[in-house]
Amino acid sequence: MSEPSRPRLAVWKFASCDGCQLSLLDCEDELLSVAEAIDIAYFPEASSAMGEGPYELSLVEGSITTAHDAERIREVRARSRHLVTIGACATAGGIQALRNFADVDDFVAAVYASPEYIATLATSTPISAHVPVDFELRGCPINKLQLLEVLSAFLAGRRPAIAAHSVCIECKRRGNVCVMVQGTPCLGPVTHAGCGALCPAYRRGCYGCYGPMETPQTAALAREWQSLGVAPREIRHAFRSFNAAAEAFREESEAHDDQAP
Amino acid sequence: MEPEAMPRPAALIDRQGLQALIDALADEGYRVLGPMRRDDAIVYDDLAGIDELPAGWTERQEAGRYRLERRDDAALFGYAVGPHSWKRFLHPPVETLWTAHRDEHGLTFRAPEPAEERFAFLGVRACELHAIAIQDRVFLDGPYVDAGYAARRREAFIVAVNCGEAGGTCFCVSMQTGPRAEAGFDLALTELLDAERHDFLVEVGSAAGAALLERLPHRPAGEADREAAATVVARTASRMGRRLETDGLKALLQDNPEHPRWDDVAERCLTCGNCTMACPTCFCTTVEDHSDLSGTSAERVRQWDSCFTLDFSYLHAGSVRQTPRGRYRQWMTHKLASWIDQFGTSGCVGCGRCITWCPVGIDITEEAAAIRATAPDWRDD
């Protein structure tokens, strides 16, 4: 038997902060194992050697905010056998999807000295709005252990063991005391697991970094937030963060949209 | 189990005696676990001494609400039950079932090393004794015994405490599971506290308990002490925060799967799974298989799961229980009705945790009462 060739991996960046692809470099102890198992052919963040495609696996970070990127993601898809999106930008549009709720030209005019040089789309959209995606790994940023699980599953040809239930389940497994029952508004009950219930472990309410869980009952949660004294404006802001454009969070934020700011 | 017909031997210890109890258990190699104040709650964790017990604290519990409050005395057990249950020690949230390794000789499977730990639980309430007995039936009865649970359970030493305070969401009286510890303990304490004294009446429930008591400074309990202890329990029983009518409850739930109340609760339910995690009897787990990057090692991990997740009822092509209505109905009907068909008792011990720790305060006693109030067709058993 000949040595099986290592699958070729590419890591792509679209509109994003680089935090999720840095999770791969952040693997440290496991990074050598990753490099042994996978040929990291294209990863500009890590290496100036840029191998040509096609690639067995592409990890895509970032959202689509320009016409150029909308074209580029199609090329990436065409050169990738499997395409996995990583992080809130790639899976939900990211924090930059706040533009979807306003007029982007106003932002451009406010931020740039010469707005005429800026060519941008009116919206920030997830990769799945443009090309078929094989798996979406959530989080802002992603959890490196979950990234390793996705890579290991890909190599073994199995489904990644990534749960889509609420943060509450991992919070309770961890033995945390529920902060919401103690009076702190928390998005955990409607948020996708993956972080290990990081914020509640430090006595903070969940910020919803992993986006909506599988069956997010956002209206029921928002009612309880109101009974904890949270103003509609604050509820809107809570749902409008890194996953503002994720369907369930967008709808809930819009339900609290007609209130005075 | 007729404790009144044959009174157990009883003794009195004071606070120093309680410290001696903890020391004696530690001396015998137990990992002593008990209640303590942390994160503005009373949780169960490793206990070194009575100074760590939540002296002078109690809690205010309501549906979806929990607050610690000061007591006007120095009671060590002057609260009901907190967010944790002993389940997390006997039936841990995450447990590796096996690991596998592949090398040139082939594939080798290994069971994890059996834990050497022996638990001693201090402060187990009557409802919790019943919860442990229920999980015993799940994990130990029948042909498939859970070896890890069996080992942990066999080694455990249980010091029960009769409740001196009823929580706002307690309903053990309805479930006939408390507030007095009747069986399933090695020693049972009742805290006797007034201006003149701070003692604990100790009842012996096993030979191991009797042997341990002999190691402690103690004195015989008199009839007045027994009466004082009975008064504590009777007062607690009269102060239950909740009530659940269990008469005909099994038929009521099983005969009304289409009751409109299920739609009503589905509007409020977050499907977050907190009730199942907080419940001391919910036992469901999922198994995850993980392989490493090199393809040489794999492991199977068992974790607490919940009937509120979609994966829980996932079969080929989808989940059986798609709706919040279906999932809440499954949980409550199993807990209060089909559990009886399956294991011979209700799955509920009336501890109130599912009520207190539901982030939106859904109250199982209120849901049952609402269905009973308007059920079109429920029959007497």
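The values are calculated or read from the model by the stated rules, or taken from the named source; none is laboratory data. Since the model is a prediction, treat every value here as computed from it, not as a measurement. Neighbour counts run over all protein chains shown; Cβ positions are idealised from the backbone, glycine included.
If you take the residues in region A:175-199 that are more than 7 Å from chain B (Cβ to nearest Cβ), surrounded by fewer than 20 Cβ atoms within 10 Å (Cβ to Cβ) and more than 23 Å from the chain's Cα centre (by Cα), which one is farthest from residue B:65 (Cα to Cα)? So the residue we want is A:184.
Matching residues to (1) surrounded by 15 or more Cβ atoms within 10 Å (Cβ to Cβ); (2) under 20 Å from residue A:191 (Cα atoms):
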{"position": "A:98", "(1), (2)": "yes, yes"}
{"position": "A:108", "(1), (2)": "yes, no"}
{"position": "A:115", "(1), (2)": "no, no"}
{"position": "A:119", "(1), (2)": "no, no"}
{"position": "A:124", "(1), (2)": "yes, no"}
{"position": "A:142", "(1), (2)": "yes, yes"}
{"position": "A:148", "(1), (2)": "yes, no"}
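Each residue in region B:21-39 was checked for being surrounded by fewer than 18 Cβ atoms within 10 Å (Cβ to Cβ), within 14 Å of chain A (Cβ to nearest Cβ) and hydrophobic (A, V, I, L, M, F, W, C), and 0 of them qualify.
Residue-by-condition table, conditions (1) free of Cβ contacts under 8 Å to residues at least 12 places away in the same chain; (2) surrounded by fewer than 17 Cβ atoms within 10 Å (Cβ to Cβ):
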{"residue": "B:302", "(1), (2)": "no, no"}
{"residue": "B:310", "(1), (2)": "no, no"}
{"residue": "B:315", "(1), (2)": "yes, yes"}
{"residue": "B:323", "(1), (2)": "no, yes"}
{"residue": "B:331", "(1), (2)": "no, no"}
{"residue": "B:347", "(1), (2)": "no, no"}
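Considering B:245, B:203, B:227, B:258, the condition of being of a type in the set (Asp, Glu) and either in contact with a Gly (Cβ under 9 Å, 6 or more places away or on another chain) or modelled with pLDDT under 95 (or both) is satisfied by B:203 alone.
Being outside any loop (DSSP other than H, G, I, E, B) and out of contact with any helix residue (DSSP H, G or I) (no Cβ under 7 Å at 6 or more places or on another chain) is the filter; apply it to region B:108-121 and report the residue that is surrounded by the most Cβ atoms within 10 Å (Cβ to Cβ). Residue satisfying both the conditions and the ranking: B:121. May I ask you to verify whether residue A:16 is in contact with an Asp or Glu (Cβ under 7 Å, 6 or more places away or on another chain) and either within 14 Å of chain B (Cβ to nearest Cβ) or modelled with pLDDT of 95 or more (or both)? Judged against the criteria, residue A:16 is a match.
Is it the case that some residue within region B:40-49 is under 19 Å from the mean Cα position of the chain (by Cα), more than 14 Å from chain A (Cβ to nearest Cβ) and surrounded by 22 or more Cβ atoms within 10 Å (Cβ to Cβ)? Yes, that holds for at least one residue. Within region A:116-173, the set of residues being within 14 Å of chain B (Cβ to nearest Cβ) and over 29 Å from residue A:6 (Cα atoms) comprises A:164, A:165, A:166, A:167, A:168, A:169, A:170, A:171, A:172, A:173.
Of the helices (runs of 4 or more DSSP H) entirely within region B:270-352, those holding at least 3 residues that are under 26 Å from residue B:245 (Cβ atoms) and within 14 Å of chain A (Cβ to nearest Cβ) occupy B:274-278, B:324-333.
Could you tell me whether region A:208-227 includes any residue that is over 19 Å from the mean Cα position of the chain (by Cα), assigned to a loop (DSSP other than H, G, I, E, B), surrounded by fewer than 18 Cβ atoms within 10 Å (Cβ to Cβ) and not hydrophobic (A, V, I, L, M, F, W, C)? Checked against the condition, which is being over 19 Å from the mean Cα position of the chain (by Cα), assigned to a loop (DSSP other than H, G, I, E, B), surrounded by fewer than 18 Cβ atoms within 10 Å (Cβ to Cβ) and not hydrophobic (A, V, I, L, M, F, W, C), region A:208-227 yields no hits at all.
For region B:248-269, taking the residues that are among the acidic types (Asp, Glu) and away from chain A (no Cβ under 12 Å), the one that is surrounded by the fewest Cβ atoms within 10 Å (Cβ to Cβ) is identified as B:258.
For first residues located in region A:104-123 and free of Cβ contacts under 8 Å to residues at least 12 places away in the same chain, partners that are among the charged types (D, E, K, R) and surrounded by fewer than 10 Cβ atoms within 10 Å (Cβ to Cβ) and lie 6+ apart or on another chain with Cβ distances below 9 Å do not occur.
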